[in-house]
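Below is one structure, written out as structure tokens; comments come after it.
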Amino acid sequence: MRVAIYPGTFDPITYGHIDIAERAVTLFDKIVITIAVNSSKKPLFSIDERKKMIMESVSYLSNIEVDAFEGLLMDYVKTKKAAAVIRGLRAISDFEYELQMALMNRKLAEDVVTVFLMPNVNYTYLNSTIVKEVASFGGDISGLVPPGVERRLREKFPKAIHSGIKKY
Ligand code: COA
């Protein structure tokens, strides 16, 4: 059983993450999408909300587990007896940070490989912050996140109405 861990903040999950998960399930027997809890980040969604959104969004894929942890990723990987970590590479700008993490993780656990997957080009500009920002101004986020995530974002920003700009 070849298990891979797909870690991230997932605040919230987007179609870009889902695209990576779809590619990863073809390579491994099981993918664990896990929320890495980082106390220095101030997420919009709670761990439970993020877990629910991930579960709903990938329910059509078999062999996926959804989880959350706090601590070193490589310690978590060992508890899951995983062989690999999945990371998405959207653009050259991701590369330096990802290389640094992959090499540090290799130092911590030499037998665990990091597998980089490229999302569909349509999602290369996406990240969770940009989606939250557009939602906070009432902008159109359909096509960027699944309907359940879109609904929850609207609930987080109930007063967001797309009413154009204010000039000063
Ligand atoms: N589509 C859309 N957006 C994507 C994406 C994709 N395919 N891949 C990444 N992103 C976005 C995320 O939405 C996120 O956006 P945000 O910053 O606006 O929230 C951003 O890219 C960062 O990606 P994410 O996957 O959430 O990474 P991260 O930098 O928050 O976390 C961990 C990386 C969790 C893997 C890392 O911090 C970790 O391992 N933590 C555990 C502690 C540890 O072991 N540290 C030592 C590591 S060497």
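Among the residues of the stretch 84-128, what is the count of those that are small (Gly, Ala, Ser), open to solvent by 30 Å² or more (accessible area, probe 1.4 Å) and in a loop (DSSP other than H, G, I, E, B)? Break it down into steps so the answer makes sense when it comes.
As a first pass, look at the stretch 84-128 and keep what is small (Gly, Ala, Ser): 84, 88, 91, 93, 102, 109, 128.
Filter once more, keeping what is open to solvent by 30 Å² or more (accessible area, probe 1.4 Å): 91, 93.
The next check asks that each one be in a loop (DSSP other than H, G, I, E, B); those that pass are 91.
Matching residues across the stretch 84-128 total 1.
Residue pairs whose Cβ atoms lie under 7 Å apart, separated by 6 or more positions or on different chains, with the first residue in the stretch 1-17 and more than 15 Å from Arg152 (Cβ to Cβ) and the second polar (S, T, N, Q) and part of a loop (DSSP other than H, G, I, E, B), are Thr9/Asn38.
Inspect the stretch 13-20 for any residue being charged (D, E, K, R), away from the ligand (no atom under 12 Å from the Cβ) and not in a loop (DSSP other than H, G, I, E, B) and give the result as yes or no. There is no residue in the stretch 13-20 that is charged (D, E, K, R), away from the ligand (no atom under 12 Å from the Cβ) and not in a loop (DSSP other than H, G, I, E, B). Taking the condition of being outside any helix (DSSP H, G or I) and either open to solvent by 30 Å² or more (accessible area, probe 1.4 Å) or of a type in the set (D, E, K, R) (or both), how many residues in the stretch 145-159 meet it? Residues meeting the conditions: 3.
Taking the listed residues Leu89, Leu108, Leu103, the one that is near the ligand (Cβ under 9 Å from one of its atoms), modelled with pLDDT of 95 or more and under 14 Å from Ile5 (Cβ atoms) is Leu108, with no other qualifying. Of a type in the set (Gly, Ala, Ser) and more than 17 Å from the chain's Cα centre (by Cα): is that true of Ala91 in this structure? No, not satisfied. Out of Val131, Val66, Val77, one residue alone is β-branched (Val, Ile, Thr), within 15 Å of the chain's Cα centre (by Cα), at pLDDT 95 or above and not in a strand (DSSP E or B). It is Val131.
Among residues of the stretch 49-76 that are under 13 Å from Ala36 (Cα atoms), those with a beta-carbon under 7 Å from a residue that is of a type in the set (Ser, Thr, Tyr) at least six positions away or on a different chain give the pairs Asp67/Thr34; Ala68/Thr34; Phe69/Thr34; Phe69/Tyr76; Tyr76/Thr34.
If only residues of the stretch 111-121 that are of a type outside the set (A, V, I, L, M, F, W, C) and within 12 Å of the ligand (Cβ to nearest atom) are counted, the one that is modelled with the highest pLDDT is Thr114. A single entry from Val32, Val25 fulfils the requirement of being closer than 16 Å to Ala68 by Cα and either out of contact with any Pro (no Cβ under 7 Å at 6 or more places or on another chain) or more than 10 Å from the ligand (Cβ to nearest atom) (or both): Val32. Across the stretch 129-144, the qualifying residues are those that are β-branched (Val, Ile, Thr) and open to solvent by less than 70 Å² (accessible area, probe 1.4 Å), and the one among them that is nearest to His17 (Cα to Cα) is Val131.
The values are calculated or read from the model by the stated rules, or taken from the named source; none is laboratory data. Every value quoted in this text rests on a predicted model; they were computed, and no experiment measured them. No Cβ is skipped: glycine too gets one built from the backbone with ideal geometry, and neighbour counts run over all protein chains shown. For the accessible areas, the whole protein counts, side chains as well, though only heavy atoms, and no ligand, DNA or RNA atoms are used. Shrake-Rupley method; radii C 1.70, N 1.55, O 1.52, S 1.80 Å.
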